[in-house]
Each structure stands twice: as C-alpha cells, then as structure tokens.
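Data first, discussion second: the structure below is written as structure tokens.
The values are calculated or read from the model by the stated rules, or taken from the named source; none is laboratory data. These numbers were taken from a predicted model, which means no experiment stands behind them. Here the Cβ is made from the backbone with ideal geometry for all residues, glycine too, and neighbour counts use every protein chain on show. To get the accessible areas, we keep the full protein, side chains included, count just its heavy atoms, and leave off ligands, DNA and RNA. Shrake-Rupley method; radii C 1.70, N 1.55, O 1.52, S 1.80 Å.
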Amino acid sequence: MTARITGNDYRSLTPPEIGAWTPSLRVSVVVPAYGGQDKLDLVLAGLAGQTYPAALTEVIVVDNGSRPPLRLPDLRPEGTRLIVCPVPGRAHARNAGLLAATGDVIHWLDSDVVLDRRSVEAHMRWHHAAPYLVVTGYLRFTPAELPAPGVVAAADDLAKIFEPAEPHAWLVDLVERTGGLVDNPHRAFSLHVGGATSVNAALLAQAGPMDADLILGQDTEMGYRLAQAGAVFVPEPLSRAFHLGPTMRMRDKASIDRVSHAFVADRIPAYRWLRSHPARQWKVPYLEVVVELTGRPGDEFGYDEVRATVDAVLAGTLPDVVITLTGPWDRLGAEGRAPLKDPDLDLVLIRGHYAHEPRVRFSLEAPDSVRPAPPYPATGDGRPTAAVPYRLRLPAGWVPGEDSLARLLDLARDDGYGLVSVLLAEGPVNAGGATNAPSVEGAGSVEGSESVEGSESVEGSGNPGNARDTEDLGGAGNADDAGGSARGDRRIVAARLERTAAFARAGIVLAEGEDLDDAVEDVFGVLWVDGETYGFLPEARPIAGRRGSYRARTEAEAEVARLTKEAERLRGQVTKWRGEAGTWRKSAVELRREVGGLRRELAAAKKVVQYGLLSSVKRAITRRR
C-alpha cells in the first residue's frame, strides 16, 4: 500500500539510514550547461564519487549551445551522456534532458553545483519511501578557488575544500519559519529549487515539463504544478552541495524579483499578493466552477437556471475564476429556420449568451476530480485548467451570494481541507426520480437530520461534520454525482469545493475499491457546511453592476466623510462644553469658598450675639439682687 502523507507532513515517513539499505530505483541526473567547462568538470567529478550505486545512476549533460561545445571529461560517472539542445534557455535544456532521461527519479542539477558524495543517496532514500516526493538539498555558496577535479572526487567532505561559504538564506529561512514546511504547506512548492532537487519521474510527467515561456521563475512555477499533481516537498539537510560562486538572485534580488513576479503572477494563483488587481483575469485562475447542464434525471437545466448561476459567479467578489459548462454541445448545429421550435433552444441560448465571455468555456463532459476535461472544439478559449488549485462543482439553478465563493475558498485554504461539501437542499424523491423543489427557508438548513435516514452527522447549521461521518447521505459527497444523490426516498443536493492537490494525491494513494473521497479525507481532510450559511439560494437575485457598486461605494464614502465631519463638530462641541464645565466647576469652588466664609462669619456673629445676650441677662439678675 502506498504511504499516505497528510498535507505536507513527510515526518510520517521513515527513510532508511544512509549506507544501511539496498536501493532499487534508477535516478537520472539532468545537468543543463552553457559554457563553464571548468565548473562542469568539477560537477561531474562530484557525481563520480557518489555513494548511490553507479549501476542505478545515469547523468545527462545538456549542452545548451556552448561555443566552443562542451565535452565530457575523463573523470565522470560511467553512465554519462552528452546531448545538445540548440534552443537557448535553461527550460529548453532541462526539457531536452528530461526527454532523454530513463530513470524512476529525475534529479535536477545546475552545472555549477557540486554535490557532496552522499547527496544523491540522501535524496533517493526518500523516493523509495513514497512515489510522490520532491526532495531538495541544502546549498552553500562558496567563493573558493576552483580545485582540481581529482581533489573533488577524492574528498570525503567537500567542506574542507569549499568552506567558508554562505548558506542559501532564503531556503533556510523558509524551512525554519514553517517548521520544515509542515506548519504552512501553502508555500511548500517554493522549495523546488532547480540547483539540487529531485522529483519522482511519474509525478513530473503528470505535472508537465518546464515552462519555456518564462524568463525567470521556472523552478517555482514547476514546483507549483508539482504541488497540484499531489507532491509532498521534503527538505533534506543530509544532502549538501556547494554552488561555485554567488547566484544571480544573491547579486541583484530586487531586479530578479521584479522580472520573475511579472510572469509567475499569471501562472501561480497561490501568490495572492501578486494578484491584487480587483478585476483582471489570469492565465491560470484561482477557481474553476463546473456547472453541469444534465443534473436532473432525464432532463437538462434550462437557460434561465444556468444563467442565474453563471451570472452570480461572474459578478462575485472573486474575479479570478473560470466557468466550465458541461453539456451535449455536439448536438447543436447551424441555426435553424424555426428557432422557437428547436428542442435544443435552451442549449442554443446558453452557448450564444456566453460564447464570447472569456471566463466561460464549454465541455462535453465534466472533468473528473484528478484530470480536467478539454474544452469543446470551436467553443471556449481552450485555456488549461490542470493547474487550477480549486474546483467547485455547482448545480445549475443554485445561486451563490456575492462573497460566497471567496468565503468557501478562505475556509478550504486556511484550514487545509481537500474537500468542502456544501449541503444545498434535501427533500423527498418523487415517482419520476426527481427531487421536489425545497422551499427557500429550508434550502440550506440541515437541522433535524432525521430526514436523512437518521444521520446525526449533519446536525447543526454551521458545521455538518465530515464526509466519513455522512456515509448515509446517499453519496452526496461523490464527485460523479455532485449535483445531488438519492438514498431511499430522500435526495441530497450539494456543491463540492475540491482542492486539486488533494484529489491528485488521493489518486496516487488510492487503494483498489476505495472511494476517492475517503482517500482525500486521509491526506487533507473533508468538511460539510451549510449552504444557506454561505449564501447559496435556489433563486436568482439582483446583481449590482460595477457602476452601481461604484455609486454605492461613492455614496458610502460621502456618508463616511459627512459623519466624520459631524463627529469632528461634535468633538468640538464636547471640547467647548468641557471648557465651560471647567469654568463652572472653578466658579462653583470659589462660591463654595465664599459661602463657607460667610457661614463662618455668621457663626461668629451668632456667638457674639449669644454672648452679649447672656451678659445682659447676667447683669440684670445681678441688679435685682
């Protein structure tokens, strides 16, 4: 059984100790080179001394149009070949080497990187543990004078030759601040550094070759595609290598980033900070929404239902989206003479309405959870969707709220789920097999789960549980029946947000007879949520256009400015009143003092009067005596 890794937590694997195991996989080391014969000689000398068996190793040097042409030195591994790629560019050279490679594992190696003698073995012990790994060694950048190739081949420890050297600071920092890429797996694909990285060949075939259209950033872009193909990324500190001199990035990082970001933004949706524009579209969208037109038994969704769903998706807060409409488009021919009597009128209307919308494509079949479906010929723009990180299967007629898709994506991304199923409705199945339309009030509520054959896992409206706990939902979590499923006399209608990487990984580790969703739960996790809570309703609603949104925003900003001004005025009044209150308090204190003085004078006067009266009485009594 293939080992199952959750997220990017490769720590569940236990690779064998170096020197204490028997390997069986072949490795192809691909070395693209342009000039630099002296450095290439050292690279091949380092490969000649590897502890990994020479019988399981082939080295392919790709001369990328060097003048004079490169040659193979005497000191090199036995299975070394030299091929020529005249098309300039490292991506072209690597693809030529990849095409010639025959190994189970492809080990990228730059022509100025010298491997420690245990490096290839350190990589390969991981690839024997699981067939979907990307392993990167630790590079150090040395300014040392170039030694003789024989010195490199004989060295047991390259540090004695090339130290002192600088570490690959960016890579070390990435690994350290993500707990070895385990704590934050979203950036793990950035570990794919072409200087010293190995990849399972079958995984690489699934992801595709290097993107030759890129000027810079090819390694990162390929790492992203490998992630979508199900890869787990492993940093291997026992694999050490020395880069002969500084890298181009170390010499001028700001300029390199400026060029790289301009290109990778179009191809790597995970780099959200590079896609800050509120409206533009990209080569690889963040989300593909699949709307099937044949969701009801023996029937097809109509133009109005499909339009309600599609228009709501296009008008949402997530412009980084593409919509795939799946249906029998091959039934449509040329325009007929009586269009109102055309039995396929709704199909005609749907295709006509969205034929020139670049974010809508047409397909004869829905993509499965691992591989996309090609667009229907002559419709849609044919953009690839294999590298789209998320796919939402949404039944036609169900309308997401303005921010529904963005909220679902935030949930899936932040918590790392491979599948988020959205319970839209449940209801009795009539004699024809269709579901009675649920009321709007009950469309999203999942309380009282006894109506789903006593299932307790969907109780509560916020977190209906996970797919493993909802086995009696009648397959509502099945990709092949995403729009709804029946069990007994009940039917569940659900949407599904699928993470491409999770389903690709699940497809790799899937056991015979096992449900794909169960494998997804093992490797990434599955969650059920309530549709109404996330703003899904079974009815169209008004869509605010950009002009309306602009006016609303402008009015809101004006109201904020007015309230801010009013608040400032009130603060001024409060300050004035506080000043006056202070004056009044001061006057009150003075009055209290004055009253106190008068009271004391009055008391003294009373004492004088009382004393004088008493004296007079005493004198009168004395005279009478």
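Some points to look at:
- Inter-residue pairs, beta-carbon under 6 Å, first within 19 Å of ALA205 (Cα to Cα) and in contact (Cβ under 8 Å) with a residue 40 or more places away in the chain and in the stretch 127-151, second surrounded by fewer than 22 Cβ atoms within 10 Å (Cβ to Cβ) and among the charged types (D, E, K, R), 6+ apart: VAL135/GLU236
- Boolean, ILE18 is among the hydrophobic types (A, V, I, L, M, F, W, C), in a loop (DSSP other than H, G, I, E, B) and farther than 28 Å from ALA159 by Cβ: no
- Single unsatisfied condition, THR309 versus (1) in contact with a strand residue (DSSP E or B) (Cβ under 6 Å, 6 or more places away or on another chain); (2) modelled with pLDDT under 95; (3) not in a loop (DSSP other than H, G, I, E, B): (2)
- With respect to being assigned to a helix (DSSP H, G or I) and open to solvent by 70 Å² or more (accessible area, probe 1.4 Å), LEU340 fits the description.
- Evaluation of VAL348 against (1) crowded, with 21+ Cβ neighbours inside 10 Å; (2) in contact with a Pro (Cβ under 9 Å, 6 or more places away or on another chain); (3) part of a helix (DSSP H, G or I) (one fails), failing number: (1)
- Of the helices (runs of 4 or more DSSP H) lying entirely inside the stretch 132-212, those containing at least 3 residues that are open to solvent by 30 Å² or more (accessible area, probe 1.4 Å) span 149-154, 169-177, 201-207.
- Test: residue in the stretch 273-292 that is over 30 Å from SER549 (Cβ atoms) and of a type in the set (Ser, Thr, Tyr): no
- Unmet criterion (only one of (1) modelled with pLDDT of 90 or more; (2) in a helix (DSSP H, G or I)) for ALA254: (1)
- ALA45 meets the conditions (1) out of contact with any Lys or Arg (no Cβ under 9 Å at 6 or more places or on another chain); (2) farther than 19 Å from VAL105 by Cβ; (3) assigned to a helix (DSSP H, G or I); (4) among the hydrophobic types (A, V, I, L, M, F, W, C) in every case but one. The failed one is (1).
- The set of residues in the stretch 208-258 that are within 18 Å of the chain's Cα centre (by Cα) and of a type in the set (Lys, Arg) contains only ARG225.
- Exactly one residue out of PRO319, PRO285, PRO278 is within 19 Å of the chain's Cα centre (by Cα), open to solvent by 20 Å² or more (accessible area, probe 1.4 Å) and modelled with pLDDT of 90 or more: that is PRO319.
- Residues of the stretch 352-366 classified as assigned to a loop (DSSP other than H, G, I, E, B) and among the basic types (Lys, Arg), total: 1
- No other residue among ALA406, ALA434, ALA387 is open to solvent by 10 Å² or more (accessible area, probe 1.4 Å), at pLDDT below 90, under 30 Å from ILE5 (Cα atoms) and not charged (D, E, K, R) apart from ALA387.
- The one condition from (1) under 24 Å from ALA212 (Cα atoms); (2) assigned to a loop (DSSP other than H, G, I, E, B); (3) touching a residue at least 24 places away in the same chain (Cβ under 8 Å) that PRO69 does not meet is (3).
- Whichever residue in the stretch 72-86 is touching a Gly at 6+ places or on another chain (Cβ under 8 Å) and open to solvent by 30 Å² or more (accessible area, probe 1.4 Å) and, among such residues, is farthest from MET210 (Cα to Cα): LEU75
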